[in-house]
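One structure is given here, and the rest of the page talks about it.
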Amino acid sequence: MRNISDLIEHYLKHMLVESTEGAVEIQRNDLAEQFSCVPSQINYVISTRFTLEKGYVVESKRGGGGYIRIQRVDLPEHEGIHNHLCESIGELISQSAAEGLIYQLEEAEFISRREANLLKAAVSRDNLPIKLPYRDELRARLLRAMLLALLSK
């Protein structure tokens, strides 16, 4: 059985897929009422599962007519993916940013779930037992090399 956060995430992603604009605007309180949860649960889902690293831009407006707007940021086509990866990864990358990029590539079906799991294991701080900032530099080099190899089909 899925938990409430998974259900809300799935619902919002389904809305995004169905949207002709590639974006959705929601009322936090209305969505909380629909899922019989507190509005902070909606905030939690949006702040943890709809991040820029995962390929989403979130904009919110507070007040009486307030809304939350979620927009999907698409990856460039295959020919532009190498440049995008090099720019996104840079010389250093944190574990959370690396995992976000991997998530984005998996969501866009550039890589499989198995490949994503292998990449996440390889860039995990548990498997790179060196001090910062060297760990983030090594992670960036490993991630860049692995992704370029995977995506150069």
Heads up, I need the accessible area for residue 44: 1.4 angstrom probe, whole protein in place, Å², nearest 10. 110 Å²
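Considering only protein heavy atoms, what per residue accessible area in square angstrom results for the chain with a 1.4 angstrom probe?
I get 62 Å² per residue for this part.
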Contour minus end-to-end for residue 40 and residue 122, with contour as 0.36 nm per residue of separation and end-to-end as the Cα-Cα distance? 26.2 nm
Give the angle, between 0 and 90 degrees and rounded to the nearest 10, that separates the Cα long axis of helix 134-151 from the longest principal axis of the Cα atoms of the chain. 90 degrees
Where in the chain is the longest stretch that carries no GluC sites (Glu not before Pro) classed as loop by DSSP and with at most 13 other Cβ atoms within 10 Å? 22-76
Give the aspartates and glutamates reachable from residue 61 as a straight Cα distance under 16 Å; neighbours fewer than 8 places away on the same chain don't count. 25, 30
Which angle from 0 to 90°, rounded to the nearest 10, does the C-alpha axis of helix 4-18 make with the longest principal axis of the chain? 90 degrees
Below 8 Å between Cα atoms, with a sequence gap of 6+, how large is the relative contact order for region 5-69 in percent? 33 percent
So for the pair residue 15, residue 92, with labels modelled 7 Å out along Cα→Cβ, what separation do we get in nm? 3.7 nm
Relative contact order, percent, of the chain when contacts are C-alpha pairs under 8 Å separated by at least 6 residues? 19 percent
Can you compute the modelled spin-label distance between residue 3 and residue 49, with each label point 7 Å from Cα toward Cβ, in nm? 1.1 nm
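Using +1 on the beta carbon of Lys and Arg, -1 on that of Asp and Glu, and nothing else charged, what's the dipole of the chain about the Cα centre, debye to 20?
Here the chain has a charge dipole of around 520 debye.
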Ignoring ligands, DNA and RNA, what percent of the accessible area of the chain is carbon or sulfur (1.4 Å)? 50 percent
What value, in deg cm²/dmol to 500, does the helix sum -39500 (n - 2.57) over DSSP H runs of n ≥ 4 give at 222 nm once divided by the residues of the chain? -18000 deg cm²/dmol
Quick calc, residue 62 & residue 112: beta-carbon distance into FRET formula, R0 35 Å, rounding 0.05, result 0.30
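The values are calculated or read from the model by the stated rules, or taken from the named source; none is laboratory data. Owing to the predicted nature of the structure, the values given are computational and were not obtained by experimental measurement. Cβ atoms come from the backbone with ideal geometry, glycine included; neighbour counts cover every protein chain shown. Calculation scope for accessible area: heavy atoms of the full protein, side chains included, ligands and nucleic acids excluded. Shrake-Rupley method; radii C 1.70, N 1.55, O 1.52, S 1.80 Å.
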